[in-house]
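The values are calculated or read from the model by the stated rules, or taken from the named source; none is laboratory data. Since the model is a prediction, treat every value here as computed from it, not as a measurement. Cβ: placed from backbone, ideal geometry, glycine included. Neighbour counts: every protein chain shown. Remember, those area values only see protein heavy atoms, side chains included, never the ligands or the DNA or RNA. Shrake-Rupley method; radii C 1.70, N 1.55, O 1.52, S 1.80 Å.
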Amino acid sequence: NTIEIAPDAYLLKGFLLGQVEPLLAALFEVIAQAPLRHMETPGGYAMSVAMTNCGDWGWVTDNKGYRYSAVDPMTQRPWPMMPALFKQLSENAAEKVGFSHFDPDACLVNRYGVGAKMSLHQDKDEADFSQPIVSFSLGLPTIFDFGGKTRKSPRQAVPLEHGDVLVWGGRSRLNYHGVRQIKSGVHPQLGAYRFNLTFRRSQPKK
Ligand code: MD5
Ligand code: FE
């Protein structure tokens, strides 16, 4: 059940549904080692989304800006290892839509409570735009706004549900996008939250 929503952008409906239990067990292990926290934007606001990371590199933001860091600024320790199941499922999803050499070195964990959102932005802090981004949706549903190359481009509203995977590469890699406010609800496994795991290649490949 693969839907092409734009050039090189695919929605894999329910891709994770057979693996949710081990996926959540691995996710909670990561969070136990590197707690979720509301990072600060360079403009001085706390993000409504709580974040942590696993893998060799983690995306962080603070009053100095956005960047990838090899250590968790909260503990000064390396981020937890990327669980093998995360890596395997993200590579399988990329492979399924034709990206055969996806080798993520970063996994950002986003936790959205009711009312949280992510404003329209581009992902451009990575060194290698030739590799796709793979994103897993778990828990409460939302609407993803998928735009174009400029802030003003028309946007497509894409419903995202528990178990869905998005893969963005090539011609859609730098498109503007955002996540609409989470509506109140209760998910049987995740309660009043939406979790998103975003896999990226942040550093150049040697
Ligand atoms: C989310 N997270 O649901 C989204 C999924 C983020 C973020 O946007 O930066 O943490 S990632 C969706 C994405 C990534 C790269 C390109 C495009 C979408 N796109 O071209 O639309 O929490
Ligand atoms: Fe993004």
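May I ask you to give the percent of accessible area on the stretch 75-167 that is carbon plus sulfur, with a probe radius of 1.4 Å?
After summing per-atom areas, the C and S share lands at 54 percent.
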(Q) Please compute the per residue accessible area over the chain with all protein chains in place, 1.4 Å probe, rounded to a whole number of Å². (A) 47 Å²
Q: Would you please give the FRET efficiency between V71 and Q189, computed as 1/(1 + (r/R0)^6) with r the Cβ-Cβ distance and R0 = 41 Å, to the nearest 0.05?
A: 0.85
Q: Scan the chain and report its longest stretch carrying no chymotrypsin sites (Phe, Trp or Tyr not before Pro) that are both in a DSSP loop and have at most 16 other Cβ atoms within 10 Å.
A: 46-128
Q: For K64, K13, give the ranking by accessible area with the largest first, probe 1.4 Å.
A: K64, K13
Q. Among K152, K117, K183, which one moves the most in a GNM of the chain with springs linking Cα atoms closer than 10 Å?
A. K152
Q.
Run the reach check for K87 against aspartates and glutamates, Cα to Cα strictly under 19 Å, same-chain hits fewer than 8 apart removed. What comes back?
A. E21, E29, D56, E95, D103, D105, E126, D128, D164
Q | Spatially proximal lysines relative to K124 (Cα-Cα < 18 Å; intrachain offsets below 8 disregarded) | A | K64, K149, K152, K205
Q | Percentage relative contact order, the chain, counting C-alpha pairs under 8 Å, at least six apart | A | 25 percent
Q | Integer Hz, Karplus 6.51/-1.76/1.60 couplings in order for the stretch 68-85, x for Gly and Pro | A | 9, 10, 7, 10, 6, x, 6, 10, 6, 9, x, 5, x, 4, 6, x, 4, 5
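Given only helices, namely DSSP H runs of n ≥ 4 each adding -39500 (n - 2.57), what is the per-residue ellipticity at 222 nm of the chain, to the nearest 500 deg cm²/dmol?
Working: 2 runs with 27 residues, N = 206.
About -4000 deg cm²/dmol.
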